[in-house]
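Here's the structure, in structure tokens; my notes come after.
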Amino acid sequence: MNTRLRNAAPWLFPLALALVPLVFPDPYLLAVLTSAGIFIIGAISLNLLLGYTGQLSLGHVAFFGLGAYTSALASLGFDIGIGFGLRITLQPQPVWLGFIAAIIVAGGFGWLLGRLAFRVRGAYFVIITICFAQVLRMVALNWIELTQGPMALISIPPFSLWLPGQGVVPLYSKAQNYWLVLGVAVLAFIVVRQLVESRIGRALVALRANESLARSVGIRVTHYLIIAAVVSAGIAGAAGSLFAHYVRIVDPDVFLFIYTVTMVIMVITGGKGTLWGPVVGGLIFGLIPDLLRGRAAPEAQWVLYGVAMILFVMFLPRGIVPALASLKSRA
Amino acid sequence: MSDLLRVENLAVHIGGLVAIADASFVVPAGQVVSLIGPNGAGKTTAFNVITGYMRPTKGRILFDGAEITGLAPDRIAERGIVRSFQRTSVFTGCTVLENALMALHRRGSAGLLGALFRLPSARREEARLREEAWAMLEFVGLAERADTLAEVLAYGEQRRLGIALAAIAGPRLLLLDEPAAGLNPSETAACMALIRQLRDRGATILLVEHDMPMVMQISDGIVVLNQGRIIASGAPAEIRANPEVIRAYLGSGDWQEAAHAAA
Ligand SMILES: Nc1ncnc2c1ncn2[C@@H]1O[C@H](COP(=O)(O)OP(=O)(O)OP(=O)(O)O)[C@@H](O)[C@H]1O
Ligand SMILES: [Mg+2]
């Protein structure tokens, strides 16, 4: 009975979250939780790279932004010239297709970045990833024909889903979007869990723990780092797509460095390299800004982030989840 | 008898230093060959080059007839050469069982789809790998420590885990870099028994070791390296009687000890 309870326990949490819109149908609360949820998906994806492979990608928002633009453009359609008098035209597509395209495009860029950047490690890797996100931001700002530049892509349709008995319906309500994000977050969590609790996950952890030993037993470094990068980027792209159809406006600011920093903080405070770390860290740092809204200036928020980060690094360097786990095992 | 490993005219220059000047030797399949020599002779450097961690300045390495010079370490491991490290090397932060499973990597093949969907084939493979990991831990006497973090193990146990990790990867050629370093006599005896068992299971072994009694007892062949050059090679009895070897080692206590022990 005890083990059955323990097996069921992880499902109780998303189940409880699923009941929130029914118990507290407060639109403000749901909005806050939904945007926190989108960032938690981003943090879950970043954790695969940062936590399990130990590679610090400071350009993670690039995949989020790529997902947002891909999905928005697919659902809006576009008509652009590509030189030599040729044009590419895309009619508006269903949103779910945009969602899948977002995952594929972000994952593809994850593969590309992995191929280029995993040759160099350490500081150079970090710099390459930062530059990658900055370049994409420049493209988004300047390729006005495609992205509208700073004028932003607007009137993005909301996510639509096939629901039993209702056919394909657009999700306008806060509760529907909340459930959608919750569903994708649970999926992302499961994908990462399946991956890390497998032969592939062991290879990733082995590389992080002792790279030369890992290579000596035949673990191919770049192969596994690229798998992690592709899956991580794909999930971040999915989060970007959710963001685009939830906020329904996408501008080049989705590539801002500060969003990467937010995700990094979520992963590190929660506990990098643990499954629940990004969820716990994400809930805390996803909710704080909104709890402080109106009470503190945004600048004060960033100062608070910084102070919290320093305190964590000093007192809980491995993050909340590992600290709780060691408390539990000591008890 | 066929030569599993051939090292031909190997030279390794590190900056201005000549770590290996010109070395050629072979390791016949199914044997235990020891590579011995004083500190700084170039033994670990030879291991690093054979396993792809360093590029040679000159020369070729052939494994089972195919050239492997300059391949990456993980590619060389895939072909069947696995080494242990002179300085103890384990997967820190992971339990002994996890260490074993990581070293079993090459014995599995499950990929992304198998992992994501927990395909029956992947589940079966996982169960098989766990069995193999337990069997190897039993074999090297670390089964009771399966749930201990590797870095918490006693020094002797860590050394044994290091050898086990190399052995568990299922190599055709196993390179062991001073497996008995720092072990007490009974641990050394256990280490020697382990190496014999590994050979009996079909592995060919190239051993670097300073413990001369052990080398003399366990080796089928011995290659003596001095200042980056091979000064002798042959059966233990020939090496013991070789005047040049004795001269190179003169004054070295462990060698005299060895000569006495072997006499
Ligand atoms: N990475 C390196 N950088 C500079 N010099 C090196 C490097 N690796 C080895 N050497 C030098 O090459 C020579 C051979 O070293 P090596 O480690 O191969 O000796 P060894 O035979 O394994 O000695 P020991 O018995 O002490 O382990 C030494 O002079 C050493 O200082
Ligand atoms: Mg050495």
Leading residue by the ranking (surrounded by the fewest Cβ atoms within 10 Å (Cβ to Cβ)) among those in the range A:220-249 that are in a helix (DSSP H, G or I) and at the interface with another protein chain (Cβ under 7 Å from one of its Cβ atoms) = A:V221
Determine which single condition A:S57 fails, assuming it passes every other condition in (1) closer than 30 Å to A:A16 by Cβ; (2) at pLDDT below 90.
-> (1)
Report, by residue number, each residue of the range B:133-152 that is buried (at least 18 other Cβ atoms within 10 Å of the Cβ) and within 13 Å of another protein chain (Cβ to nearest Cβ).
-> B:A133, B:M136, B:A150
Which condition number in (1) closer than 26 Å to B:R79 by Cα; (2) more than 16 Å from ligand 1 (Cβ to nearest atom) is the one that B:P179 fails?
-> (2)
Can you tell me which residue within the range B:175-222, out of those that are within 14 Å of the chain's Cα centre (by Cα) and hydroxyl-bearing (S, T, Y), is farthest from ligand 2 (Cβ to nearest atom)?
-> B:T204
Yes or no: A:L136 surrounded by 13 or more Cβ atoms within 10 Å (Cβ to Cβ) and in a strand (DSSP E or B)?
-> no
Residues in the range A:120-133 that are out of contact with any helix residue (DSSP H, G or I) (no Cβ under 8 Å at 6 or more places or on another chain) and part of a loop (DSSP other than H, G, I, E, B): how many?
-> 2
Top-ranked residue of the range B:81-96 - restricted to ones that are of a type outside the set (V, I, T) and more than 9 Å from chain A (Cβ to nearest Cβ), ranked as farthest from B:P28 (Cα to Cα) | B:R87
Determine if the range B:28-39 includes at least one residue that is farther than 30 Å from B:I231 by Cβ and away from ligand 1 (no atom under 14 Å from the Cβ).
-> no
Enumerate the pairs (first residue in the range B:40-62 and near ligand 1 (Cβ under 10 Å from one of its atoms); second residue anywhere and among the charged types (D, E, K, R)) with beta-carbon separation below 8 Å, excluding pairs fewer than 6 apart on the same chain, so at least 6 apart or on different chains.
-> B:K43/B:D177; B:T44/B:D177; B:F47/B:R83; B:F47/B:D177; B:V49/B:R55
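Conditions tested, residue by residue: (1) at the interface with another protein chain (Cβ under 8 Å from one of its Cβ atoms); (2) assigned to a loop (DSSP other than H, G, I, E, B); (3) on the phi < 0 side of the Ramachandran plot.
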residue: B:E98; (1), (2), (3): yes, no, yes
residue: B:L101; (1), (2), (3): yes, no, yes
residue: B:E157; (1), (2), (3): no, no, yes
residue: B:P179; (1), (2), (3): no, yes, yes
Does B:G108 count as modelled with pLDDT under 90 and within 11 Å of chain A (Cβ to nearest Cβ)?
-> yes
Out of all the residues in the range B:1-11, which are assigned to a loop (DSSP other than H, G, I, E, B) and either touching a strand residue (DSSP E or B) at 6+ places or on another chain (Cβ under 6 Å) or within 16 Å of ligand 1 (Cβ to nearest atom) (or both)?
-> B:M1
Given the structure, is B:E78 within 11 Å of chain A (Cβ to nearest Cβ), open to solvent by 30 Å² or more (accessible area, probe 1.4 Å), without any contact (Cβ under 8 Å) to a residue 40 or more places away in the chain and more than 16 Å from ligand 1 (Cβ to nearest atom)?
-> yes
For B:N99, state whether it is buried (at least 16 other Cβ atoms within 10 Å of the Cβ), of a type in the set (S, T, N, Q) and more than 16 Å from ligand 1 (Cβ to nearest atom).
-> yes
Any residue in the range B:205-222 that is in contact with a His (Cβ under 8 Å, 6 or more places away or on another chain) and either surrounded by fewer than 20 Cβ atoms within 10 Å (Cβ to Cβ) or at pLDDT below 90 (or both)?
-> no
If you scan the range B:203-232, which residues turn out to be under 24 Å from B:A166 (Cβ atoms) and of a type outside the set (A, V, I, L, M)?
-> B:T204, B:E209, B:H210, B:D211, B:P213, B:Q217, B:S219, B:D220, B:G221
Taking the condition outside any helix (DSSP H, G or I) and either open to solvent by less than 10 Å² (accessible area, probe 1.4 Å) or farther than 19 Å from A:F109 by Cα (or both), does A:T274 pass?
-> yes
A:V181 meets each of (1) within 22 Å of A:L48 (Cα to Cα); (2) surrounded by fewer than 20 Cβ atoms within 10 Å (Cβ to Cβ) with one exception, condition (2)
Out of the range B:12-67, which residues are surrounded by fewer than 22 Cβ atoms within 10 Å (Cβ to Cβ), more than 14 Å from every other protein chain (Cβ to nearest Cβ) and part of a loop (DSSP other than H, G, I, E, B)?
-> B:G15, B:G16, B:A29, B:G30, B:Q31, B:P38, B:N39, B:G40, B:R55, B:T57, B:D64, B:G65
Taking into account only those residues within the range A:186-219 that are within 19 Å of B:F85 (Cβ to Cβ) and basic (K, R), which is nearest to the other protein chains (Cβ to nearest Cβ)?
-> A:R215
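The values are calculated or read from the model by the stated rules, or taken from the named source; none is laboratory data. These numbers were taken from a predicted model, which means no experiment stands behind them. So basically every Cβ, Gly included, is an ideal-geometry build from the backbone, and we count neighbours across all protein chains shown. Heavy atoms of the whole protein, side chains included, go into the accessibility calculation; ligands, DNA and RNA do not. Shrake-Rupley method; radii C 1.70, N 1.55, O 1.52, S 1.80 Å.
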